[in-house]
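Chemist: Sharing a structure, written as structure tokens. Questions coming.
The values are calculated or read from the model by the stated rules, or taken from the named source; none is laboratory data. Quantities reported herein were computed from a predicted structural model and do not represent experimental measurements. Because the Cβ atoms are built from the backbone with ideal geometry, glycine has one as well, and the counts that use them run over all protein chains shown.
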Amino acid sequence: MGLFKVKVGIGIQRNGAKVLFLESLDLLVDTGATYTTIPKYLLEKLGAEPVGEMPVRLADGRIVEKKYGGIWLNILGRPVSVTVLFGDENDIPILGATSLEQAGFGVDPVTKQLIPTQAIQASVIKNFLLPFGKPFAPSL
């Protein structure tokens, strides 16, 4: 696909207040990465706090524990709340696939640009049959 970077605003929200985009950062677009990764020193500078740890498989196959939390990104004018990994000091800042999908962007591998996509919403039918003939009635 080729690698390219995109400038992204990063910010936090506290106690339901308006989101403050405090930094702008060039992130490497990596559709092979599940989550966005930003160095922890920068996230801490913003006031972002980890909420837990999860196992993450690195490109070399190793599995390591990484802290994660929530921040806001502004991707080409679209603000979106995302899960972010707290990267080590030497980790490359990466814009991962879930952040792209949440913001409604895909990647054009020819032009090396983000392109808008459309979200897909399955319609809900009140009573329909599952493949084995069992009725399903969601409680709405």
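Chemist: Considering each residue of segment 76-99, count those that are closer than 18 Å to M54 by Cβ and not polar (S, T, N, Q), and give that number.
Modeler: Number of matching residues: 10.
Chemist: Could you grab me the full set of residues in segment 35-55 that are surrounded by 17 or more Cβ atoms within 10 Å (Cβ to Cβ) and over 14 Å from I92 (Cβ atoms)?
Modeler: Selection gives L43, L46, A48.
Chemist: Additional query: Show me the strands (runs of 3 or more DSSP E) entirely contained within segment 27-104 in which 3 or more residues are under 11 Å from the mean Cα position of the chain (by Cα) and in contact (Cβ under 8 Å) with a residue 60 or more places away in the chain.
Modeler: Strands (runs of 3 or more DSSP E) meeting the threshold: 63-75.
Chemist: On the given criteria, is V56 at pLDDT 95 or above and closer than 24 Å to V19 by Cβ?
Modeler: no
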